[in-house]
Amino acid sequence: MTTSTQTPATPTTAPSRRRRGSAGRFQGGNPVVYAVAFLVVCATLGPVVYGVLGGFRSNAQLADAPASLPDPWIFSNYTGVVTDPSFWQYTLNSVVVAVVTTAIVVVFGVMAAYPLARYAFKGREVLFMVFVAGLLFPATVAVVPLFILLTQNFGLGNTWWGVALPQAAFALPMTVVILRPFLKALPKELEEAAQLDGTSRIGFFWRILIPLSGPGMVTVGVLAFVGSWNAYLLPLLLLQGDMKTLPLGVADFSSEHSSDTAGVFAFTTLAMIPALVFFLAMQKRIVNGLQGAVKG
Amino acid sequence: MADDAAVTTAPASPATSTGPAAGATRQGRPAAGRPGGGRRAADSKLRKRLEIAFFVAPALAMLALFVVWPVITAVQMSAFRWNGRGPLVDFVGLANYVSVLTDDVFVGSLVNNLVIVVLSIAIQLPLGLAIALLLNRRMWGQGALRTIIFVPYVLAEVVAGVVWFQLLQPYYGVLDTILQSVGLEPPAQGWLGDPDLALWTVMAILTWKYLGLAVILFLAGLQGVPEELYEAAQLDGASWWQVQRRITVPLLGPTIRTWGFLSMIGSLQLFDMVWILTKGGPANATSTMAIFLVNEGTRSNNFGIAGAASVVLFLIALVMAVLYQRLILRRDAKGVA
């Protein structure tokens, strides 16, 4: 270890060393860094991995030796969940609600952000402030009256729309705040060229702006999807029986089978897999979106 | 409404993609006719307004229906004694606010929220900063590391809560078993069952869940620090510590301050994790304002009380947001200007 770090002066490695030298000189004590990194990874992943592996064990195994590997590996917990029709029903509900939420957020969000970014008109900043003010109304604050309105006035109790529409509404302010600078940054020349070609502003929106703002829309779309997929409070108040989403299913399963630890682990693991795969694939977008929010 | 109708006729044609522009012009032009530049200018002005309305109306309608209306309803509800059925008739003025603000459970929940706001920042800021600074270097497996750190954040609070609930089961949960095997005595009523410990346990789990977000945002902020600064400092003989303290952390200021804002707003709204772990118990030791208002609204059918609690929660969040903006974020605005 020490020898390899001490002998960087061979001619071939020298230039590249130099370029990253600034960071390199300050590194000092690499083993310490790796040790800390290892600790962080263990603390972060420990509970998750324990849950995944716990799903492959029996309750007896978990009780006898909580901190060991499955021996033998048991698959009945997972097959039990996968053959449970309500698990698939919950998954379907989660997917539909999240897709509808995302579609509304992206379409209405980009529409609203367009004039706010590229039209010059009186009251534009005031209009934008309406959306910024929307950020100050967290969904939690309005959840009880929202529940009353949705069930009594709108007739949307226990429906996909009843969850998707309010979720989209509460996600819109953030979406507009993220998208506006994004649309603003597209070069002015594009618009001028389009105008010279006789394209109207609406035509510009559909044929040029929408295709070009793909990355921005993906970012806000992923954020909306994440939010919807993980949402618990509004579905808890609004959805019953076969309409429940996956988080509700997880919570129910956990309280109904609280002594069946292995079963709970299997159910939770399967519930988090689609989310994990999707979100980690989209990790850059999520981080970008959050950073955009931080800067915005 | 009439406005809406006028606006909604326009979008039908753009959707058919053949001639969005043509569709819209046909709508506007014939009415004005050919003559007069002034007329035409007024016409195009009107058209522009219609366009703006068309683009903004759906989002505004959503906000009005699902954000503004419920908030108004909350204010309205808060002035009545109401069990959720029938019309609002039993007007009680500010009585609901008085009972909310003198309710020990609500005040306790408010205090818990504030403790969580402060502790979240006090714990995650130094820890997140330390980890971000350590990881902000070329090292093996950095990409994987960043992904791993982000995992707890993308899990639903419910999923994370359920897993932790199992890990923390008294006696046969893995944590207690490990403690016993090394000769330590776990708390008799369990980590979540002891009123003195429950809030701290929740706090620890929240740290586990949200530390990754802080690290990821700080790391992203660190990439914005120009490399030359490090080189210059290095030439001047600054130590690693000095560089971090004098250059990196100050330049990370805006990121840290906005992260703090997000963290604060999130802490004030905390519900899912607590609901899964303790439902606010034991003896309301972990209750939050959101738990309180959901309990009042859905379990006790005290919608008036729930409305008043919603308004109070909103006002507290608003005041804290404005104060934060004034006292802390304003520095960034100044820095830019």
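For the reader, a short list of remarks on this structure follows.
- Using every pair of separate Cα atoms, the Kirkwood estimate puts the hydrodynamic radius of chain A at 23.2 angstrom.
- Area accessible to solvent at B:Asp236, 1.4 Å probe radius, in Å²: 130 Å²
- Accessible area per residue in Å² at 1.4 Å probe, computed on the stretch B:95-336: 42 Å²
- Helices in chain A, meaning DSSP H runs of at least 4 residues, each add -39500 (n - 2.57). Divided by all residues, the mean residue ellipticity at 222 nm is -23000 deg cm²/dmol.
- Rounded FRET efficiency, nearest 0.05, which uses the C-beta distance separating A:Ser259 from B:Gln325 and R0 of 51 Å: 0.55
- Applying a length cut-off of 20 Å (Cα extent along the axis) and a mean Kyte-Doolittle floor of 0.5 to the DSSP H helices of chain B leaves B:104-135, B:195-222, B:253-268, B:303-324.
- Cα-derived Rg to Rh of the stretch A:230-287, Kirkwood definition: 1.05
- Label sites at A:Phe75 and A:Tyr119, each approximated as a point 7 angstrom past Cα along Cα to Cβ, lie 5.9 nm apart.
- Pairs from A:Lys122/A:Lys188; A:Lys284/B:Lys45; A:Lys184/A:Lys244; A:Lys184/B:Lys45 whose Cα-Cα separation, in the structure shown, is over 30 Å: A:Lys284/B:Lys45; A:Lys184/A:Lys244
- Between the beta carbons of A:Phe278 and A:Ser68, assuming R0 = 25 Å, the FRET efficiency works out to 0.20 to the nearest 0.05.
- Centroid-to-centroid, using Cα positions, the stretch B:187-258 and the stretch A:239-289 are 28 Å apart.
- Take each residue of peptide B:225-235, count the partner chain Cβ atoms within 10 Å of its Cβ, and average: the result is 2.
- Apolar share of the accessible surface for the stretch A:21-180: 74 percent from carbon plus sulfur atoms, 1.4 Å probe.
- Heavy atoms of chains B and A lose about 8500 Å² of accessible surface on contact, summed over both sides with a 1.4 Å probe.
- Interface burial in the stretch A:101-115, defined as at least 20 Å² less accessible area with all protein chains than with the chain alone at a 1.4 Å probe, covers A:Phe108, A:Met111, A:Ala112, A:Pro115.
- Residues of the stretch B:123-139 with amide N under 15 Å of the 7 Å Cα→Cβ point at B:Ser239: none
- Chain B, accessible surface, carbon-and-sulfur percent (1.4 angstrom probe): 65 percent
- A viscosity of 0.692 mPa s and a temperature of 37 °C, combined with the Kirkwood radius over C-alpha pairs in the Stokes-Einstein formula, give chain B a diffusion coefficient of 132 µm²/s.
- Theoretical gain in end-to-end length, B:Val92 to B:Lys48 [0.36 nm per residue, Cα-Cα removed]: 11.0 nm
- In this simple spin-label approximation, A:Leu190 and A:Val41 carry label points 7 Å from Cα along the Cα→Cβ vector, and these lie 4.1 nm apart.
- Surface accessible to a 1.4 Å probe, A:Arg207 within the full protein complex, Å²: 140 Å²
- Using the Cβ-Cβ distance between A:Ser58 and B:Val107 with R0 = 45 Å, the FRET efficiency computed as 1/(1 + (r/R0)^6) comes to roughly 0.45.
- P(r) for the protein assembly as shown, from all Cα pairs and a bin width of 20 Å, is 17, 46, 31, 6, 0 %, short bins first.
The values are calculated or read from the model by the stated rules, or taken from the named source; none is laboratory data. Everything quoted here is computed from the prediction, not taken from an experiment. FYI the Cβ positions are ideal-geometry reconstructions off the backbone, even for glycines, and counts take in every protein chain you see. These accessible areas exclude ligands, DNA and RNA; they are computed on the full protein's heavy atoms, side chains included. Shrake-Rupley method; radii C 1.70, N 1.55, O 1.52, S 1.80 Å.
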